[in-house]
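**Student:** Sharing a structure below in structure tokens format, with a few things to ask.
The values are calculated or read from the model by the stated rules, or taken from the named source; none is laboratory data. Given the structure is predicted, the values throughout are model-derived calculations rather than measurements. As a convention, Cβ positions derive from the backbone with ideal geometry for all residues, glycine included, and neighbour counts pool all protein chains shown. When the accessible area is computed, the model is the full protein with side chains, heavy atoms only, and any ligands, DNA or RNA have been set aside. Shrake-Rupley method; radii C 1.70, N 1.55, O 1.52, S 1.80 Å.
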Amino acid sequence: MNAPVSKGGKPGGSKAGGKRPGPRRKINLALQGGGAHGAFAWGVLDRLLEDGRFEIEGISGTSAGAMNAVALVDGFHTGRAEGARAKLRAFWEAVGDDGRMAPPLRTPLDIWLGNWSLSNSPLLFYQNMLRSMFSPYEFNPFDVNPLKDIVEEMIDFDNVRACDSIKLFIAATNVWNGKVRIFEDGELGVDPVLASACLPTLFQAVEIDGVPYWDGGYMGNPVLFPFIYETETDDVVLIQINPIERTETPRTSQEIANRIDEITFNASLLREFRAIDFVRRLIEEGSLAEDEYRALRMHRVEAAEELLALSASTKQNTEPGFLDYLFGLGRKSADKWLEEASDKVGHEPGIDLEKEIGYTLDADVPENVGGKAKVELKTRPARLKPKKARKV
């Protein structure tokens, strides 16, 4: 059961004791997609902008993360941190207004119980059944996309393209070759953002210069490699929406489909984690020169337990009360990170990537499986020296 929280942290209001003296530290932001759960990232961003101890150098965003990214940059260009907070709030309030006008998806019982899930919604059941039988080209021949109107109305892309204070990277998946396409600064507009959020079961592919694109999450949720080549800071703060691990086996068709999406959308992130850790180890071993190669320091803001408790269907719930709840959860999670882990920025990683990705072939097998003792393997691969490594 979830209860909404009141809106807090409005632009112009600073949390007492939130700011610390000293020079501002540079960070890059990595914003995941996740439908309505992107409002969690809104809350995190609002709190980080309010805090003021960090300078954002670059942002990589996918899907809902892409929308958060362009809203932040739009507002930042005209009003710095407070402008960014105001624009993010205006964008998500517009999303909530659209959700308020849509037919109700939650059942009366769920509303009475304060349950944000749409799993019991007959309307959503029939919508999902329709999508399983017909493609968007068949059930949505006119390619109606409510997000397009919101993005066009709320985001001034002239501001986004003109902003030279923050570098922006938006990912979309090229349908023809399966590769990721990164849209940067001057290329950004409505279509790249919609392409980044284009789930192929819901919307027709977004064509840009004659090339069709789907959701960027298939190849990067979000992409991290642009930070290596295009920014100076080594610190990346990941605002994580999609859980990497779950401890329960999905059993319903909706749960299975959701877990498939989570695994698919996290696969590219884990690959980049592995590459970052590989370079770090080579630098530590002296195989690569530290002054010529980059070892990114990864940090993470998350609300693992709270987001895990929400059903997959809530990613489609854009009711204002639910977005408000996620916003509050995001601010709370950012507060926790600022208090407990933000001091690591500029000094050490906040994520243990070696533990995150694992190096043993049976890294996630319990100690005893089927009565047989686990076979111990090396905790890390043998020392590797690439023939050639690209300089950064």
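**Student:** Going through segment 327-353 one residue at a time, which ones are within 22 Å of Ala295 (Cα to Cα) and open to solvent by 50 Å² or more (accessible area, probe 1.4 Å)?
**Tutor:** Residues satisfying the conditions are Asp343, Lys344, His347, Glu348, Pro349, Asp352.
**Student:** How about segment 173-191: which of its residues are without any contact (Cβ under 8 Å) to a residue 40 or more places away in the chain and either aromatic (Phe, Trp, Tyr) or open to solvent by less than 30 Å² (accessible area, probe 1.4 Å) (or both)?
**Tutor:** Asn174, Trp176, Phe183, Gly189
**Student:** Okay, moving on. Can you say whether Asp324 is in a helix (DSSP H, G or I), at pLDDT 95 or above and either closer than 22 Å to Thr62 by Cα or of a type in the set (A, V, I, L, M, F, W, C) (or both), as far as the supplied structure shows?
**Tutor:** It is true that Asp324 is in a helix (DSSP H, G or I), at pLDDT 95 or above and either closer than 22 Å to Thr62 by Cα or of a type in the set (A, V, I, L, M, F, W, C) (or both).
**Student:** Another question, if that's okay. Looking at Arg280, Arg274, can you tell me which residue is touching a helix residue (DSSP H, G or I) at 6+ places or on another chain (Cβ under 9 Å), in a helix (DSSP H, G or I) and surrounded by fewer than 19 Cβ atoms within 10 Å (Cβ to Cβ)?
**Tutor:** Arg274
**Student:** Six or more apart or on different chains, Cβ atoms under 7 Å: show the pairs whose first residue is in segment 113-131 and on the phi > 0 side of the Ramachandran plot and whose second is surrounded by 18 or more Cβ atoms within 10 Å (Cβ to Cβ).
**Tutor:** Gly114/Asn2
To keep it simple, each residue is scored yes or no on (1) outside any helix (DSSP H, G or I); (2) surrounded by fewer than 17 Cβ atoms within 10 Å (Cβ to Cβ).
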site: Ala71; (1), (2): no, no
site: Arg85; (1), (2): no, no
site: Leu88; (1), (2): no, no
site: Trp116; (1), (2): yes, no
site: Leu130; (1), (2): no, yes
site: Leu147; (1), (2): no, no
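**Student:** Any residue at all in segment 213-227 that's under 20 Å from Thr318 (Cβ atoms), touching a strand residue (DSSP E or B) at 6+ places or on another chain (Cβ under 6 Å) and hydroxyl-bearing (Ser, Thr, Tyr)?
**Tutor:** Checked against the condition, which is being under 20 Å from Thr318 (Cβ atoms), touching a strand residue (DSSP E or B) at 6+ places or on another chain (Cβ under 6 Å) and hydroxyl-bearing (Ser, Thr, Tyr), segment 213-227 yields no hits at all.
**Student:** Is there any pair linking a residue in segment 257-268 that is touching a residue at least 24 places away in the same chain (Cβ under 8 Å) to one that is in a helix (DSSP H, G or I) and surrounded by fewer than 19 Cβ atoms within 10 Å (Cβ to Cβ), with Cβ under 9 Å and at least six apart or on different chains, and which?
**Tutor:** Ala257/Asn128
**Student:** Then there's this: Which residue, of Ala303, Ala334, is in contact with a Ser or Thr (Cβ under 6 Å, 6 or more places away or on another chain), at pLDDT 90 or above and hydrophobic (A, V, I, L, M, F, W, C)?
**Tutor:** Matching residue, one of Ala303, Ala334: Ala303.
**Student:** Please determine whether any residue of segment 44-53 is modelled with pLDDT of 95 or more and either among the polar types (S, T, N, Q) or in a strand (DSSP E or B) (or both).
**Tutor:** no
**Student:** So, in segment 246-259, of the ones that are part of a loop (DSSP other than H, G, I, E, B) and among the hydroxyl-bearing types (Ser, Thr, Tyr), which residue ends up nearest to Thr314 (Cα to Cα)?
**Tutor:** By that ranking, first place goes to Thr252.
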